[in-house]
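The structure appears below as structure tokens.
Every read-out reported here was derived from the displayed coordinates using simple, explicitly stated rules and does not represent laboratory data. Computed from a prediction, not measured in an experiment: that's the story for all the values here. Glycine also receives a Cβ, built like all others from the backbone with ideal geometry; neighbour counts cover every protein chain displayed.
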Amino acid sequence: MVQKLDYLKETPSQTAGPYVHIGLAPGAAGFDIYERELGWDIAGPNAKGERIRIEGLVIDGTGSPVKDVMLEAWQANADGIYPHPEQAGETEEGFKGWGRVITNFDTGEWGFDTIKPGQAMGRNGQLMAPHISLWIVARGINVGLNTRLYFDDEAEANATDPVLNVIELENRRATLIAKREMRDDVPVYRFDITLQGDNETVFFDI
Amino acid sequence: MSKPAEFYQRDREWHPPASSQDYKTSVARSPQNALISLEQTVSEITGPRFGHGDVTEMDRDLIHNYAKPGESAIGERIIVHGRVLDENARPVPNTLVEIWQANAGGRYRHKKDAYLAPIDPNFGGCGRTITDENGYYYFRTVKPGAYPWRNWVNNWRPAHIHVSVFGTAFAQRLITQLYFEGDPLIAKCPIVNTIPDQAARGQLIAALDMNASVPLDSIAYKFDIVLRGRRSTLFENRMEGN
């Protein structure tokens, strides 16, 4: 016999189910209940930096769009600072860095407006390329999936990004790079997420 | 910069695997490649913060938060309460807890739910609150009904409440489901049974808590939630962890 460690076990995850919107985005579920829903304005009106839009689809192993998915985004501001008490540095008034993203239930298309994040300091003093962390939940996803979105116009920073570089199969790194195009003078980045199969997106155990 | 204080690695054998044959929807929605293990960076050990300004008192009372004035939701009146802790058994204060559920007849207020049980005009089905300085939270609601779902032809979900919790870091983000002590449908549920370990499944079953019940008003269930714990390490000259 040995002494017993007294750590608790993390509560196990369960799928968010098809009706995740009732709890986390009731407006999308078709009813109005809270004075204020959370997560609809990631950057706020005062944020510095380039205003951008991100759009995409989540695609399942049969090639079909996942229409009932919900994503959460977490990002630094244009200076690479997160709005968190353990970060040195300030973020702009109203900058949340966090948002909830709901699909169009008919098409599965999702999108959100934000500012392009700056480079945050990674481990061992190595700068990370600009990126947005994403967390994906839906019916059929037993544990929320973590991934990162990088930007295709940051090729130089991406090449030395310490996280992209831990992905051993270099061809899989491309699954994390969003593609920029201009639409009505606004930069729109396309980021399709493939849950399974050919071109499967890289997901992280963070 | 000093070394960041990471969270303990997630025990992937305690959580369900991505794909479980008996929960059919998971089959095409599960990655087949291994997850890439990441040493946590500032992007993972920080996360959004919420405050009392983000929610109202009424948000945690599902019996009344969608009811017409003077009316209330139909069903067995319950209190769900407990603490949000981390794996070091320390309380997680000031964190957002959100819940959603079907009504007492097993019907969700969602435009995609077509089950034949009726909508309760006085029940919305969602609530949220912020834990206090001891990590404590509570909700008032009605006990949700069991309902059938398309998996096998005759599958029924046990009564359950969906629970979403944040903690202090994006790495702690968690969604799970709360089940009720004594429900015979729990053992038959393919979603519950995605979790391989019996003790882990038991961690999702709220205990009947007569001591917290309000006589002649509401019966109580206790449900503690455990988020990932954190190593003790220096981070930007501040002590963090246990």
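Dividing the Cα radius of gyration of the range B:87-157 by its Kirkwood radius returns 1.11 for Rg/Rh. Legend: calculated FRET efficiency, A:Asn46 to A:Asn124, from the Cβ-Cβ distance at R0 = 35 Å, rounded to 0.05, equals 0.60. Compared with the rule-of-thumb size 2.2 N^0.38 Å for a compact globular protein, the range B:2-126 has a Cα radius of gyration ratio of 1.44. At full extension, B:Arg231 and B:Asn94 could sit 47.3 nm farther apart than now, given 0.36 nm per residue minus the alpha carbon distance. Per residue of the protein assembly as shown, the DSSP helices (runs of n ≥ 4 H) give a summed -39500 (n - 2.57) that works out to -1000 deg cm²/dmol at 222 nm.
Within the range B:137-242, all pairs of alpha-carbon atoms sorted by distance into 5 Å bins from zero give the percentages 2, 10, 17, 18, 16, 13, 10, 6, 4, 2, 1, 0. Here the protein assembly as shown carries DSSP beta bridges of which approximately 75% are antiparallel, counting only pairs with both residues inside.
If you plug the beta carbon distance of B:Lys68 and B:Asp217 into 1/(1 + (r/R0)^6) with R0 = 22 Å, you get a FRET efficiency near 0.60. First measure r as the distance between the Cβ atoms of A:Val186 and B:Asp132, then evaluate 1/(1 + (r/R0)^6) with R0 = 51 Å and state the FRET efficiency to the nearest 0.05. Approximately 0.75, to the nearest 0.05. Computed over the protein assembly as shown, the Cα gyration tensor eigenvalues convert (square root of 5λ each) into semi-axes of 34, 25, 23 Å, ordered from largest to smallest.
Which of the residue pairs A:Lys179/B:Lys24; A:Lys96/B:Lys111; A:Lys9/B:Lys222 have a Cα-Cα distance greater than 26 Å in the structure shown?
Correct reply: A:Lys179/B:Lys24; A:Lys96/B:Lys111.
Computed over the range A:38-194, the quotient of the alpha carbon radius of gyration and 2.2 N^0.38 Å is 1.03. The distance separating the Cα centre of the range A:165-206 from that of the range B:1-71 comes to 22 Å. Shape class for the range B:13-62: oblate, because the ratio a/c of the largest to smallest gyration tensor axis (alpha-carbon atoms, square roots of eigenvalues) is 1.5 or more and b/c is at least a/b.
GNM remark for chain A: springs join alpha carbons under 10 Å apart, and the peak mean-square fluctuation among A:Val166, A:Val58, A:Val188 falls on A:Val166. What you get for the range A:95-195, charging only the Cβ of Lys and Arg (+1) and of Asp and Glu (-1), is a dipole of about 420 debye around the Cα centre. Sequence-ordered 3J(HN,Hα) estimates for the range B:53-65 from the Karplus curve with 6.51, -1.76 and 1.60 and θ = phi - 60° stand at x, 7, 10, 10, 3, 5, 4, 9, 10, 6, 5, 10, 6 Hz, glycine and proline given as x. Taking the convex hull of the alpha carbon positions in the range A:112-206 and averaging its projected area over all directions gives 7.2 nm².
Cα-Cα pairs above 25 Å in chain B: how many percent? That fraction is 48 percent. At full extension, B:Glu39 and B:Lys111 could sit 21.8 nm farther apart than now, given 0.36 nm per residue minus the alpha carbon distance.
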